[in-house]
Amino acid sequence: MLCELKPRERAGIINPVFTCQPAGAQFASIGIKDCIGIVHGGQGCVMFVRLIFSQHFKESFELASSSVHEEGAVFGAVRRVEEAVDVLLMRYPDVKVVPIISTCCTEVIGDDIDGVVSKLNRGLLQEKYAGREVHLVAIHTPSFVGSMVSGYDVATRDFIAHFAQKTEPNGKLNLFTGWVNPGDVKALKHLLAEMQIDATVLFEIESFDSPLMPHGNFVSHGGTTIADMQGTANALGTLALNRYECAKAARHLETEFGIPTIIGPTPIGIRNTDTFLQNLKKLTGKPIPESLVRERGVAIDAITDVTHMFLAEKKVAIYGNPDLVIGLAEACIDMEMKPVLLLLGDDNAFYGDDPRIKALQANIDFEMEIVTNADLWELEKRIKEGKIELDLILGHSKGRFTSIEYNIPMLRVGFPTYDRAGLYRHPVVGYAGALWLAEAMANTLFADMEYKKDREWILNMW
């Protein structure tokens, strides 16, 4: 088999690709307006995740902690949840949505988060905050299973399960973006606007690129409202872009409310963006306008300018969130590149059933490894032992030391990217993302050529 799907063979993790489930739930929560999540665990479960988010977005935002200490870890800490909710509601009078996000510590000791939510709904909220709209949502994300990807998936389902209410059809489309950047949301909204589709974008983080205004600084917050989430049960259809990051919420709406649903593919590259637009047309009946046909043509022209001469046959390693990695691999193959190593950072048992992976196994004509439950040592080990030769690495900032150590050019893609400025503003999805990706890869290779003082022949010029 040219394309081999296999798990990591070692027991230990060295430099993980992902962080833990609560991080994914926290990322979902920051996309909701008037929402501040309480992470039920030690302060580090918020502090380090919030640090990564801040490094990535270069913005300030709010997350809270129940701050469990030794006593709570031994005897139970539900009292800390009660205190945290009370303090949060007193300090932030505009907060309406408070997810209670569990962690490994509080799941191990067996804290009944659902029970304390019921208790607070019957007691504190009626006695002290009567007349105020407050929604407490229990989200179970133990850190010892899954990853930030599955945590995001669980959280999106739990938010939708809590809020969705069947009333009258609203004629809107539900668009679950998955774990994307503000630039991706902007690009997706552009495609929707060109097709004149009214959509509810979940969860809305475009506003996380907050302005600095003369009258004061903004604290970044998401744009998805309670009404948006309630209305998801009345949509004409649901399109979930990522199989592993938002399918649970989409399937819930399909099962509970009969909403027509399409899962993926992630619109990375020309081929997948074409499919995305066709799926929009299928769900809404809206035609694809000439403006997008022209936008597609501009992107293809730009890609053609760099593909055959500069990108073709280049060997690439890709790591990060699975939908992103698979989408990038498909885009690279369409540009005549060879993604020889894909690292998926968790042990999802259903990767083998993914039709995109099956298509790779059936169609590629070069050696490719897809490693599940992978860490970044899998990348470094193969380079160090000479098992693979790479022209380019695609992934987030945590792989930079491998790039530096082995003099392999690297394009930062995904989350987190904290050692390059403003990448969260550049889309990877859509035709604009396909154009940016191709030119960014070419420019990365050009810069590497200059750094290594290679001559122009490496650019296939004469």
**Q.** Unique match (being surrounded by fewer than 19 Cβ atoms within 10 Å (Cβ to Cβ) and either free of Cβ contacts under 8 Å to residues at least 24 places away in the same chain or of a type outside the set (Ser, Thr, Tyr) (or both)) among Ile318, Ile226
**A.** Ile226
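Every residue, every condition in (1) buried (at least 20 other Cβ atoms within 10 Å of the Cβ); (2) closer than 15 Å to Leu239 by Cα; (3) out of contact with any Asp or Glu (no Cβ under 9 Å at 6 or more places or on another chain), yes or no:
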{"position": "Ile259", "(1), (2), (3)": "yes, yes, yes"}
{"position": "Asn279", "(1), (2), (3)": "no, yes, yes"}
{"position": "Ile288", "(1), (2), (3)": "no, no, no"}
{"position": "Asp301", "(1), (2), (3)": "no, no, yes"}
{"position": "Thr307", "(1), (2), (3)": "no, no, no"}
Q.
Report every pair of residues separated by at least 6 positions or lying on different chains whose Cβ atoms are under 9 Å apart, first residue within the range 179-200 and modelled with pLDDT of 95 or more, second in a strand (DSSP E or B) and of a type outside the set (A, V, I, L, M).
A. Ala199/Asn174; Thr200/Asn174; Thr200/Thr224
Q: For the range 294-305, indicate whether the set of residues that are under 26 Å from Ile370 (Cβ atoms) and either within 26 Å of the chain's Cα centre (by Cα) or in a helix (DSSP H, G or I) (or both) is non-empty.
A: yes
Q) Of the residues Val371, Val340, Val429, which is closer than 30 Å to Leu175 by Cβ and in contact with a strand residue (DSSP E or B) (Cβ under 7 Å, 6 or more places away or on another chain)? A) Val429
Q: Using the structure shown, decide if Asn321 is closer than 23 Å to Pro409 by Cβ and of a type in the set (S, T, N, Q).
A: yes
Q | Of all residues in the range 17-57 being under 22 Å from Pro211 (Cα atoms) and free of Cβ contacts under 8 Å to residues at least 12 places away in the same chain, the one that is surrounded by the most Cβ atoms within 10 Å (Cβ to Cβ) | A | Ser54
Q) Say we look at the range 92-102 and pick out the residues that are within 27 Å of Met148 (Cβ to Cβ) and not small (Gly, Ala, Ser); which of these is surrounded by the most Cβ atoms within 10 Å (Cβ to Cβ)? A) Ile101
Q) Is it true that some residue in the range 62-82 is touching a residue at least 40 places away in the same chain (Cβ under 8 Å), farther than 17 Å from Phe144 by Cα, within 22 Å of the chain's Cα centre (by Cα) and not assigned by TED's automatic domain parsing to the domain that holds Gln230? A) yes
Q | Condition met for Gly72 (at pLDDT below 85 and either hydroxyl-bearing (Ser, Thr, Tyr) or surrounded by 19 or more Cβ atoms within 10 Å (Cβ to Cβ) (or both)) | A | yes
(Q) So in the range 404-436, with the set limited to residues that are of a type in the set (Gly, Ala, Ser) and surrounded by fewer than 20 Cβ atoms within 10 Å (Cβ to Cβ), which one is nearest to the chain's Cα centre (by Cα)? (A) Gly422
Q.
Exactly one of these conditions fails for Leu136: (1) modelled with pLDDT of 95 or more; (2) under 26 Å from Leu241 (Cβ atoms). Give me its number.
A. (2)
Q: Among the residues of the range 183-231, count how many are over 21 Å from Arg50 (Cα atoms), in a loop (DSSP other than H, G, I, E, B) and acidic (Asp, Glu).
A: 1
Q) Considering the range 103-139 alone, what residues qualify as being within 19 Å of Gly44 (Cβ to Cβ) and touching an Asp or Glu at 6+ places or on another chain (Cβ under 7 Å)? A) Ile139
Q: State the number of residues belonging to the range 349-365 that are assigned to a loop (DSSP other than H, G, I, E, B) and surrounded by 10 or more Cβ atoms within 10 Å (Cβ to Cβ).
A: 2
Q | Which listed residue is of a type outside the set (Val, Ile, Thr), under 17 Å from Ile268 (Cβ atoms) and either in contact with a Gly (Cβ under 6 Å, 6 or more places away or on another chain) or at pLDDT below 95 (or both), from Gly395, Gly386 | A | Gly395
Q: Just need a number here: residues in the range 409-434 that are of a type in the set (A, V, I, L, M) and either over 13 Å from Ile318 (Cα atoms) or assigned to a helix (DSSP H, G or I) (or both).
A: 6
Q.
Among the residues in the range 26-39, are any modelled with pLDDT under 90 and farther than 18 Å from Pro182 by Cα?
A. no
Q. Would you say Glu439 is more than 22 Å from Arg271 (Cβ to Cβ), of a type outside the set (Gly, Ala, Ser) and either surrounded by fewer than 19 Cβ atoms within 10 Å (Cβ to Cβ) or more than 18 Å from the chain's Cα centre (by Cα) (or both)?
A. no
Q: Would you mind finding the one in Val137, Val180, Val154 that is assigned to a loop (DSSP other than H, G, I, E, B) and β-branched (Val, Ile, Thr)?
A: Val180
Q) Is one or more of the residues making up the range 435-455 assigned to a loop (DSSP other than H, G, I, E, B) and hydrophobic (A, V, I, L, M, F, W, C)? A) no
Q. How many of the residues in the range 236-250 are in a helix (DSSP H, G or I) and basic (Lys, Arg)?
A. 1
Q.
Considering only residues that are within 22 Å of the chain's Cα centre (by Cα) and either small (Gly, Ala, Ser) or outside any strand (DSSP E or B) (or both), which ones fall in the range 366-377?
A. Asn373, Ala374, Leu376
(Q) Given the criterion under 22 Å from Tyr244 (Cα atoms) and assigned to a helix (DSSP H, G or I), identify the matching residue among Lys381, Lys398. (A) Lys398
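The values are calculated or read from the model by the stated rules, or taken from the named source; none is laboratory data. Note that this is a predicted model, so its numbers are computed, not measured. Cβ: placed from backbone, ideal geometry, glycine included. Neighbour counts: every protein chain shown.
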